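*Asks:* Could you have a look at this structure, given as structure tokens, before my questions?
The values are calculated or read from the model by the stated rules, or taken from the named source; none is laboratory data. All figures in this text were calculated on a predicted structure; none of them were measured in a lab. Reconstructed Cβ throughout: ideal geometry from the backbone, glycine too, with neighbour counts over all protein chains shown.
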Amino acid sequence: MTATISIRNKANDCKALEGALVDIWHCDAAGSYSEYGGTGMQSINYTAVHFLRGRQVTDASGNVGFTTIFPGWYSGRAVHIHVHIYNAAGKSILVTQIAFPAAVCDTVFTTATNFYTKGKADTTNERDNVFSDGFANEMATITGSVANGYALTHTIVVSA
């Protein structure tokens, strides 16, 4: 999956925010995170390894791009990508998450069963404790297919 994230500055008429650092991370196909584990929430200890994490600096158009996998899921959460955005000086300006359309997730989890072995996610966006207050602003646009790969696009508005 490719992910293109666009950062816009609400304090500047939603123009592109150049020079922002965009930090993303998500779980693997089995629902586990790198740099985490050995606890009741994730029994596999991946605290000493680093995968499915990346940082990019936005270009003049406010965009960053990543190549990754379609995230898996773990019990109690809908499919998501974590995002932390910093301004050019390194100050944290927003921590958020990107939500995924249920229909695309269902297709991936029931078709690509050689990688995703748990079936459909057990938690919908509507029932997710993070997205329960609404997820319209966090919903990504996903295009593509299991056979040819997926492309995620998403715009995040910050006050910088």
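*Asks:* State whether one or more residues within the range 33-50 are part of a strand (DSSP E or B), within 19 Å of A121 (Cα to Cα) and modelled with pLDDT of 95 or more.
*Replies:* Within the range 33-50, none of the residues are part of a strand (DSSP E or B), within 19 Å of A121 (Cα to Cα) and modelled with pLDDT of 95 or more.
*Asks:* Scan the range 92-111 residue by residue and report those that are among the small types (G, A, S) and surrounded by 14 or more Cβ atoms within 10 Å (Cβ to Cβ). Outline the logic, then answer.
*Replies:* First pass over the range 92-111, keeping only residues among the small types (G, A, S): 92, 99, 102-103.
Once the filter is applied, which keeps residues that are among the small types (G, A, S) and surrounded by 14 or more Cβ atoms within 10 Å (Cβ to Cβ), the range 92-111 yields A99, A102.
*Asks:* Could you list, ordered by first residue, the pairs with Cβ atoms under 6 Å in which the first is in the range 133-160 and more than 19 Å from H82 (Cβ to Cβ) and the second is charged (D, E, K, R) and surrounded by fewer than 15 Cβ atoms within 10 Å (Cβ to Cβ), at least 6 apart or interchain?
*Replies:* S159/K10
*Asks:* Okay, moving on. Collect the residues in the range 71-120 that are in contact with a helix residue (DSSP H, G or I) (Cβ under 6 Å, 6 or more places away or on another chain) and under 18 Å from I24 (Cβ atoms), keeping them in residue-number order.
*Replies:* V79
*Asks:* Take the residues in the range 65-91 that are of a type in the set (V, I, T) and assigned to a loop (DSSP other than H, G, I, E, B), then tell me which one is surrounded by the most Cβ atoms within 10 Å (Cβ to Cβ).
*Replies:* This residue is V79.
*Asks:* Out of the residues in the range 20-37 that are small (G, A, S) and more than 17 Å from I93 (Cα to Cα), state the one that is surrounded by the fewest Cβ atoms within 10 Å (Cβ to Cβ).
*Replies:* Out of the qualifying residues, it is A30.
*Asks:* Going by what's in this entry, would A29 be described as in a loop (DSSP other than H, G, I, E, B), closer than 20 Å to N137 by Cβ and in contact with a Phe, Trp or Tyr (Cβ under 7 Å, 6 or more places away or on another chain)?
*Replies:* no
*Asks:* Does the range 10-43 hold any residues that are under 15 Å from the mean Cα position of the chain (by Cα) and at positive phi, and which are they?
*Replies:* Once the filter is applied, which keeps residues that are under 15 Å from the mean Cα position of the chain (by Cα) and at positive phi, the range 10-43 yields only G31.
This table checks each residue for (1) farther than 24 Å from T117 by Cβ; (2) aliphatic (A, V, I, L, M).
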{"residue": "L52", "(1), (2)": "no, yes"}
{"residue": "Q56", "(1), (2)": "yes, no"}
{"residue": "G65", "(1), (2)": "yes, no"}
{"residue": "Y74", "(1), (2)": "no, no"}
{"residue": "V79", "(1), (2)": "no, yes"}
{"residue": "V83", "(1), (2)": "yes, yes"}
{"residue": "Y86", "(1), (2)": "yes, no"}
{"residue": "T96", "(1), (2)": "yes, no"}
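*Asks:* Here is a further query. If a residue must be assigned to a strand (DSSP E or B) and more than 18 Å from I5 (Cβ to Cβ), how many such residues does the range 101-156 contain?
*Replies:* 1
*Asks:* Can you tell me which residue among A121, A151 is surrounded by 12 or more Cβ atoms within 10 Å (Cβ to Cβ) and farther than 27 Å from L17 by Cα?
*Replies:* A121
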